[in-house]
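Written out below as structure tokens is the structure these notes cover.
The values are calculated or read from the model by the stated rules, or taken from the named source; none is laboratory data. Here the structure is a predicted model, which means the values were calculated and not measured. Don't worry about glycine lacking a Cβ; one is built from the backbone with ideal geometry, like all the others, and counts go over all protein chains shown.
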Amino acid sequence: MSSQSFAAVVTDWEQLLVKILANASDLSFLEGTSNDLAFSLQGAKEANLRQATFKAQFQQATRDLEVHLIRGRELATRLRNGIRTRYGLSGEKLTDFKLRPRRTKAKAKASDPETPPQE
């Protein structure tokens, strides 16, 4: 597409068609081509309207998606908290729900060879 805006192109084509129509007696040999341009102009206007409609629908769908994602995240968190309430924070059953149970780290024993004896 050229660097001209859609509105500028439409205005240019409309003015061209009006001037050709005003001079129809001199430019009768261009009647077929001017009719084709009028058809293309109408098609371009309709396509532009469809674009605007779809753009608005796309933007609304994006907003709807954001609302559902925010609400869904909140509900999923509530469900996970309920699961933790039921099975406890350290219950191994949490792993079934892709939740990590709290586990205490095993403390090093005094007889462990890696730990030097205290004197």
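Just checking, which of Gln51, Gln42 is assigned to a helix (DSSP H, G or I) and surrounded by 11 or more Cβ atoms within 10 Å (Cβ to Cβ)? Reasoning before the result, please.
Details: Gln42 fails: surrounded by 11 or more Cβ atoms within 10 Å (Cβ to Cβ).
On inspection, the qualifying residue turns out to be Gln51.
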- Query: Looking at Ser90, is it touching a Leu at 6+ places or on another chain (Cβ under 9 Å) and either of a type in the set (Ser, Thr, Tyr) or not in a helix (DSSP H, G or I) (or both)?
  - Reply: no
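Could you list all residues from the range 1-39 that are of a type outside the set (A, V, I, L, M, F, W, C) and assigned to a helix (DSSP H, G or I)?
Keep residues of the range 1-39 that are of a type outside the set (A, V, I, L, M, F, W, C), which gives 2-5, 11-12, 14-15, 19, 23, 25-26, 28, 31-36.
The answer is Thr11, Asp12, Glu14, Gln15, Lys19, Ser28, Glu31, Gly32, Thr33, Ser34, Asn35, Asp36.
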- Note on the structure: Exactly one of Arg63, Arg71, Arg102, Arg84 is modelled with pLDDT under 95, in a helix (DSSP H, G or I) and of a type outside the set (Phe, Trp, Tyr), and that residue is Arg84
